[in-house]
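Engineer: Below is one structure. I have some questions about it.
The values are calculated or read from the model by the stated rules, or taken from the named source; none is laboratory data. Source: prediction; values computed, not measured. Quick reminder, even Gly has a Cβ in these numbers, built from the backbone with ideal geometry, and neighbours come from all protein chains shown.
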Amino acid sequence: MSTSESIGAFDRFRVEPWVDWIGGHVGRRMSLLRRLGDWETRLLARDIEHVEISAPVFVCGLARSGSTILLECLAAHTDTVSHCYRDYPGVLVPVLWDRISARIYADRSTPVERAHGDGIAVTPDSPEAIEEMLWMAFHPHSHDPARGNSIGRGGIAPPFSDFYRDHIRKLLWLRQGSRYLSKNNYNLVRLGGLIELFPDARVIVPVRHPVTHIASLMRQHALFSAAETRHSAALRYMQRVGHYEFGLDRRPLNVGNGGTTQTVQELWREGREVEGWSLYWANLHEFLMERLQEDVALRDATLVVRFEDLCADPEGMLGRIFAHTRLSAEDELIWKVAQRIRAPDYYAMPFDETELRTIRQVTAKAAERLDYRNSSGDRAVA
């Protein structure tokens, strides 16, 4: 979506025709792109032969929990490399497409607010969640709510595991870093598989109070739905890049309890947004906490970061985050990236007392496991 100029709320969703056209061809030819990716790997075999994947960092959580700002903070570290906006749509051949996209976007360095309208400004080189395209290329049913979408230990296997490792090595070589940084919210339901594939991985899971989190999700869903109605190419972009969190093609993740997923969809179809989002929030976070309880290695590798704690003490929390990810960070860097973080204060809470009561009742068990016991949440929404 547009990152080239300052434009209106809905026009921020405009997708340039050439991007839509190429994105469509890529989306219809994923098998070809996979073969091209393998060809690129063979071509670069000598260059990437000794590139090691050391302690990759995975940031993942339910959308609107703070994962983007955490990605940006971690991406400021000189050791990390990540995907960026201009990696779309050629992400499966990262080196070849980087050569092309660098020329296309050479004169587009002015930051503009991203489509979400949340104050985060981006350029084509800003870090972004593009990785999901890799998963979809090998797992075409990743976003089918009728199927289980979670991947546990033993679930990530060749040919994807080989392609994924090679892809990361190419990215580390291309962008001259030593640590792969991924922001992919859907990895929340794949952590068991990822920790088996990368035993030294470090995981950051942002969470947010259910009241403000659900309010933010509802706001984004309304915004994206309206914008995609006006700009059909924006919907195609979201589908191709693998962002189904909100908008006209919203799809909940099925973590193995299909009945709950079906209920969430039915509530949404009936316009019962608060109930649907509350059940979905509870379902995903209960799944997360169960996995952390069951898997000691995963629990040790994971730091759960409450959005409210991050906003209240940015420097303190970032210090913990950098330490957990084993990224050596000077106080100056921590202070600098902490300046990007602020508690949202520009949207009023949209719920009445009945809706608030519904949220608290449905999410109570999961919220308590995340130490949200007596708080009612912030009174503003981003």
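Engineer: Restricting region 220-249 to residues that are of a type in the set (Gly, Ala, Ser) and assigned to a loop (DSSP other than H, G, I, E, B), which is surrounded by the fewest Cβ atoms within 10 Å (Cβ to Cβ)?
Structural biologist: Gly242
Engineer: Filter the helices (runs of 4 or more DSSP H) completely within region 1-92 down to those with at least 1 residues that are among the aliphatic types (A, V, I, L, M), modelled with pLDDT of 95 or more and in contact with a strand residue (DSSP E or B) (Cβ under 7 Å, 6 or more places away or on another chain).
Structural biologist: Of the helices (runs of 4 or more DSSP H) lying wholly inside region 1-92, those with at least 1 residues that are among the aliphatic types (A, V, I, L, M), modelled with pLDDT of 95 or more and in contact with a strand residue (DSSP E or B) (Cβ under 7 Å, 6 or more places away or on another chain) span 67-75.
Engineer: If I go through region 127-139 residue by residue, how many of them are farther than 15 Å from Cys60 by Cβ and free of Cβ contacts under 8 Å to residues at least 60 places away in the same chain?
Structural biologist: 1
Engineer: Might you check whether a residue that is buried (at least 23 other Cβ atoms within 10 Å of the Cβ), under 30 Å from Asp166 (Cβ atoms) and touching a residue at least 24 places away in the same chain (Cβ under 8 Å) occurs anywhere in region 268-282?
Structural biologist: No - not one qualifying residue is present in region 268-282.
Engineer: In region 290-331, how many are closer than 22 Å to His213 by Cα, β-branched (Val, Ile, Thr) and not in a helix (DSSP H, G or I)?
Structural biologist: Total satisfying the criteria: 3.
Engineer: Hey, another quick one. Restricting attention to region 264-282, does a residue exist that is farther than 20 Å from Met349 by Cα and part of a loop (DSSP other than H, G, I, E, B)?
Structural biologist: yes
Engineer: Within the group Leu217, Leu172, Leu181, which residue is assigned to a helix (DSSP H, G or I), of a type in the set (A, V, I, L, M), buried (at least 20 other Cβ atoms within 10 Å of the Cβ) and in contact with a strand residue (DSSP E or B) (Cβ under 7 Å, 6 or more places away or on another chain)?
Structural biologist: Matching residue, one of Leu217, Leu172, Leu181: Leu172.
Engineer: Among (1) surrounded by fewer than 21 Cβ atoms within 10 Å (Cβ to Cβ); (2) within 20 Å of Gly27 (Cβ to Cβ); (3) among the small types (Gly, Ala, Ser), which single condition is Ser150 missing?
Structural biologist: Single failed check for Ser150: (2).
Engineer: Going through region 190-204 one residue at a time, which ones are assigned to a helix (DSSP H, G or I) and touching a Gly at 6+ places or on another chain (Cβ under 9 Å)?
Structural biologist: Residues satisfying the conditions are Leu191, Gly192, Gly193, Glu196.
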